[in-house]
Every structure is written in C-alpha cells, then in structure tokens.
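Asker: Supplied in structure tokens, the structure appears directly below.
The values are calculated or read from the model by the stated rules, or taken from the named source; none is laboratory data. Please read all numbers here as calculations on a predicted model, not as lab measurements. No Cβ is skipped: glycine too gets one built from the backbone with ideal geometry, and neighbour counts run over all protein chains shown. For accessibility, only protein heavy atoms count, side chains too; no ligands or nucleic acids. Shrake-Rupley method; radii C 1.70, N 1.55, O 1.52, S 1.80 Å.
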Amino acid sequence: MPGAKFDGPGVTNGQRAWLTPFATKEKANGLDILTMHSYIGDQTTGTIAGMLASNSSGIYDADQTALGSTKTAASIPQWRMSEANSYYHGGTAGVSNVQAASLWTLDFMDGIAAHSGDGVNFHGGTSTQFPLEYSPIAYSGLTPTGVQGVYYGELLWKLAGTGSLHAATMSGATGVTSWGIGNNVVVNNKGTSAVTVDVTLKSSAAHASEYTLTAPSLDSTAITIAGSGVNASGTFKPSPKQVRVNFKHVTVTVPAGSATLLVTH
C-alpha cells in the first residue's frame with residue numbers, strides 16, 4: 001500500500017516532545033495528520049466547575065500551540081485531536097453528559113480552531129470497560145437511544161457553517177466567550193445570569209437567525225437548540241428566532257448557562 005496515509009503520534013496531554021521528531025521522521029512515510037489525545041483528568045475528579053474552567057486554564061494551550069507549529073515546520077497537511085473528551089475513563093455522570101458539557105465542547109473546539117487545528121474526534125460509542133457518560137450518542141447495547149451534551153455543542157458548531165475563524169466584537173457583558181465563523185457569531189454564556197450583548201458582525205447583513213442552545217440548568221439533560229432536541233432517530237426540527245440586523249449590529253440576550261449562534265442572511 002505505497003499510497004497509504006497515516007496519522008500519529010497520538011500521544012496524550014503534555015507529551016509534546018514526541019511531535020517534532022515523529023513528524024520529521026515520518027513525513028516522508030505517509031504521515032498526513034499530526035495527532036494527540038486530550039482529556040481534562042480522570043472521571044473521579046470531574047466537576048462542572050472544573051470542566052468549564054479547563055478551556056481558559058492553559059492546560060490545552062501548550063499542546064495545541066505545539067501541534068500547530070509542528071504542522072507548519074514539518075509541512076504536515078493537518079493536525080487533529082484524534083481522541084478527546086472531558087474526563088477519561090468514560091466521563092463523569094452529571095458532568096460529562098449534561099448542558100455544561102455542551103458549552104465546554106464549544107470552547108474546546110474554538111481553541112483547536114484558533115490554533116490552526118483541522119478537527120477533533122470526540123470519544124464515544126459503546127464500551128465493555130466502563131459507562132461512556134461523555135459519549136455524544138448514547139446507546140443501549142449497540143442501539144442508539146439519543147444524544148448527550150457533547151453532541152449539542154458539535155451540532156451548534158455545525159449550524160454555524162464554514163468560513164474563517166476570528167474574534168467576535170461585542171459589548172455589554174463580561175465573562176462570556178465569543179467568536180465568529182465567517183459572518184456568523186457564537187456567544188457562549190457559562191455564567192449564572194442572562195447577558196444582553198451588542199454584537200458587531202464582520203460584514204453587514206439584513207437579518208439573522210438566532211439558535212439558542214439551552215437547558216433548565218447546567219446539570220440538566222433536557223437540552224435543546226432553537227426549541228428542538230434530537231431524538232433517537234436523529235430527528236431535529238429547530239425553530240430559530242428571526243432578529244433584525246442594524247447594518248453590522250445585532251442585540252441578543254443569552255440565557256444563563258446557554259450559548260447563542262447568530263446565522264446571518
């Protein structure tokens with residue numbers, strides 16, 4: 001198979017010393033994707049507060065920076081988190097499978113994209129070793145029974161479409177994260193109070209569709225996007241709110257423990 005493509009080294013958090021020598025040695029042998037694995041810590045240590053704080057704690061930044069710089073220096077086409085999720089050994093019940101995990105997932109993906117990453121594979125599926133509380137899709141045996149927190153973060157990112165990633169300009173609130181994808185914007189409010197923000201778009205638009213990812217609380221599994229959950233058969237019927245855009249400005253209120261996506265038209 002002389003044309004086979006490979007990824008690697010697939011090392012875990014902090015083992016950055018492998019990246020450069022592996023890429024240097026294997027780039028002529030079919031290495032197409034530079035990879036690592038990433039978790040916050042063991043499932044016995046999982047908390048909602050710890051999970052939500054992890055994206056801004058710096059625990060990912062050094063790895064993601066090293067992956068990006070090695071990709072460039074060795075001329076590897078892509079880098080990717082080939083296995084990742086919140087807490088390893090299956091995640092923590094009430095932490096890794098709830099609304100808080102949706103919001104954590106959004107910030108985690110933003111960090112990867114901001115470091116020139118090309119994607120992430122969230123660990124999930126089924127296991128005979130331990131329950132996979134963090135799996136995007138839940139199963140009974142081999143039968144899908146529904147989706148969980150991580151899935152909704154992925155879905156909101158998918159709804160944002162394609163385009164260049166950039167910092168979003170907004171005013172009216174602190175303690176929230178935000179970014180733009182093309183002319184669309186995500187505002188992630190992990191706080192305990194609703195926030196009203198004025199968002200400045202990259203380009204002018206006539207109006208926008210507002211998709212809010214929300215639940216009754218951060219530890220709730222009753223998650224919806226624009227009023228719709230995703231059922232076991234994959235059915236998803238959102239009803240986004242239509243909001244006016246004043247040239248480049250949109251005012252949006254994001255509930256506590258929720259994220260809002262503005263898709264411009």
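Asker: Which value in deg cm²/dmol, rounded to the nearest 500, describes the helix-derived mean residue ellipticity at 222 nm for the chain, given -39,500 (n - 2.57) per DSSP H run of n ≥ 4 and division by the residue count?
Answerer: Value at 222 nm, helices only: -6500 deg cm²/dmol.
Asker: Just want the answer: with Cβ charges of +1 for Lys and Arg and -1 for Asp and Glu, which residue in Thr192, Gly3, Ser164 is farthest toward the dipole's positive end in the chain?
Answerer: Result: Ser164, furthest along the dipole toward the positive end.
Asker: Also, I was wondering about something else. Please give the length that would be gained between Thr143 and Ser116 if that part of the chain were fully extended, namely 0.36 nm times their separation in residues minus their C-alpha to C-alpha distance (nm, one decimal).
Answerer: 6.2 nm is the gain from fully extending Thr143 to Ser116.
Asker: How much of the accessible area of segment 34-124, in percent, comes from carbon and sulfur atoms when a 1.4 Å probe is used?
Answerer: On segment 34-124, the fraction of accessible area on carbon and sulfur atoms equals 53 percent.
Asker: If each residue of separation counts as 0.36 nm, what is the full-extension length gain between Ala28 and Asp219 once their alpha-carbon separation is subtracted?
Answerer: Contour length minus the Cα-Cα distance gives 64.0 nm.
Asker: If you don't mind, another one. Identify, among Ile48, Gly90, Ala62, the residue whose Cα sits farthest towards the positive end of the charge dipole of segment 16-162, taking +1 on the Cβ of Lys and Arg and -1 on the Cβ of Asp and Glu, with the dipole about the Cα centre.
Answerer: Checked the options; the winner is Ala62.
Asker: Picking from Ser135, Val245, Gly257, whose Cα lies most toward the positive end of the charge dipole for the chain (charges on Cβ: Lys, Arg +1; Asp, Glu -1)?
Answerer: Val245
Asker: Which of the chymotrypsin sites (Phe, Trp or Tyr not before Pro) across segment 159-265 are loop residues per DSSP, with 12 or fewer other Cβ within 10 Å?
Answerer: Taking segment 159-265 and a limit of 12 other Cβ atoms within 10 Å, the loop chymotrypsin sites (Phe, Trp or Tyr not before Pro) found are Phe247.
Asker: Can you give the FRET efficiency to the nearest 0.05 for Ala4 and Ala93, using r as the Cβ-Cβ distance and R₀ = 25 Å?
Answerer: So, using R0 = 25 Å, E works out to roughly 0.05.
Asker: Further question on the same structure: May I ask for the Kirkwood hydrodynamic radius of segment 1-82, worked out over all distinct Cα pairs and given in angstroms to one decimal?
Answerer: 13.6
Asker: Pull out the extension gain between Ala194 and Thr72, defined as 0.36 nm times the separation in residues minus the alpha carbon to alpha carbon distance; nm, one decimal.
Answerer: 39.9 nm
Asker: With only Lys, Arg, Asp and Glu charged, each at its Cβ (+1 for the first two, -1 for the last two), find how big the charge dipole of the chain is about the Cα centre; round to the nearest 20 debye.
Answerer: Around 560 debye, computed over the chain.
Asker: Please work out the Cα center distance from segment 94-119 to segment 221-238, rounded to the nearest Å.
Answerer: Between the Cα centre of segment 94-119 and that of segment 221-238, the gap is 19 Å.
Asker: If you take Rg and Dmax of the Cα atoms in Å from the coordinates, which of [x] 35.3, 98; [y] 25.8, 85; [z] 19.0, 57 do you get?
Answerer: Only one listed value fits the structure, namely [z].
Asker: Any idea of the accessible area per residue across the chain, 1.4 Å probe, to the nearest Å²?
Answerer: 45
Asker: Nearest 20 debye, what's the magnitude of the dipole of segment 29-163 about its Cα centre given +1 on Lys and Arg Cβ and -1 on Asp and Glu Cβ?
Answerer: 140
Asker: For the pair Ser57 and Thr251, what calculated FRET efficiency results from E = 1/(1 + (r/R0)^6), where r is the Cβ-Cβ distance and R0 = 41 Å, to the nearest 0.05?
Answerer: 0.85
Asker: Sticking with this one: Rounded if a/c is under 1.5, else prolate if a/b beats b/c, else oblate: with a ≥ b ≥ c from the C-alpha gyration tensor eigenvalues square-rooted, which is segment 28-179?
Answerer: Note, shape of segment 28-179 comes out oblate.
Asker: Could you pull out every one of the lysines with an alpha carbon less than 28 Å from that of Lys71, ignoring same-chain neighbours closer than 8 positions?
Answerer: Lys5, Lys25, Lys27, Lys158
Asker: Next question. Between rounded, prolate and oblate, where does segment 174-265 land on the alpha carbon gyration tensor, with a ≥ b ≥ c its root eigenvalues, rounded for a/c under 1.5, else prolate if a/b exceeds b/c?
Answerer: Here segment 174-265 falls in the oblate category.
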